[in-house]
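The values are calculated or read from the model by the stated rules, or taken from the named source; none is laboratory data. Keep in mind that what you see is a predicted model, and the values were worked out from it rather than measured. FYI the Cβ positions are ideal-geometry reconstructions off the backbone, even for glycines, and counts take in every protein chain you see.
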């Protein structure tokens, strides 16, 4: 019953989006991108009721990798990953050229608009974050040279959901998901409260230093 309600929300938003397209200038958005906009928003800021996270501030390389993971069943194949299954359905028939067009558009047209929803013990969160810095950077800016995405600028609810998916072996269990396996092993080091703490810390901390801006510029540059 719950799954049916979730799918109803998605189809409702999608049809409302299509119905209003001509009135809002959405006709200028490339056709392949419009499905993404229907769930993630016109500025890719995310729509929580659809569990569609903000795509702003994610690198083109990371976006490509995740879309390919959905296509290959590396991500979104677990029976408990309902939203991952929805993403798989959305991208399964897209070509490599389509993925390049979509990710390039997202990187160049996204705008972050985050709302804080996860709260926790910031001191404990800072302690947990020490275990994240070696891969994701001092400012949570990410390092795509080793496959570690930017963590700052993500919806806190989405980041927590993904950490719990890693911890509960819903994500990262596929044998070809090498980066996911590393995250799964790391997430399993901490209990749920500590994962909430680190998400609260990442979303609360001001990571807008010059180092972060330079790293972000490098990560967002076209491939």
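Values as computed for the structure displayed
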{"item": "Boolean, residue 116 is surrounded by fewer than 18 Cβ atoms within 10 Å (Cβ to Cβ), part of a helix (DSSP H, G or I) and in contact (Cβ under 8 Å) with a residue 24 or more places away in the chain", "result": "no"}
{"item": "Residues (buried (at least 19 other Cβ atoms within 10 Å of the Cβ) and assigned to a helix (DSSP H, G or I)) located in the range 136-156", "result": "136, 156"}
{"item": "Which listed residue, of 191, 161, is more than 16 Å from residue 117 (Cβ to Cβ) and out of contact with any helix residue (DSSP H, G or I) (no Cβ under 8 Å at 6 or more places or on another chain)", "result": "191"}
{"item": "Residue match in the range 88-98 (condition: under 15 Å from residue 54 (Cα atoms) and buried (at least 19 other Cβ atoms within 10 Å of the Cβ))", "result": "no"}
{"item": "Residue within the range 150-170 that is more than 15 Å from the chain's Cα centre (by Cα) and at pLDDT below 95 present", "result": "no"}
{"item": "Residue check for residue 108: surrounded by fewer than 17 Cβ atoms within 10 Å (Cβ to Cβ), touching a residue at least 40 places away in the same chain (Cβ under 8 Å) and under 17 Å from the mean Cα position of the chain (by Cα)", "result": "no"}
{"item": "Tally of residues being part of a helix (DSSP H, G or I), at pLDDT below 95 and over 18 Å from residue 143 (Cβ atoms) across the range 177-217", "result": "2"}
{"item": "Qualifying residue in the range 63-73 (condition: touching a residue at least 24 places away in the same chain (Cβ under 8 Å), surrounded by fewer than 20 Cβ atoms within 10 Å (Cβ to Cβ), more than 13 Å from the chain's Cα centre (by Cα) and not in a helix (DSSP H, G or I))", "result": "yes"}
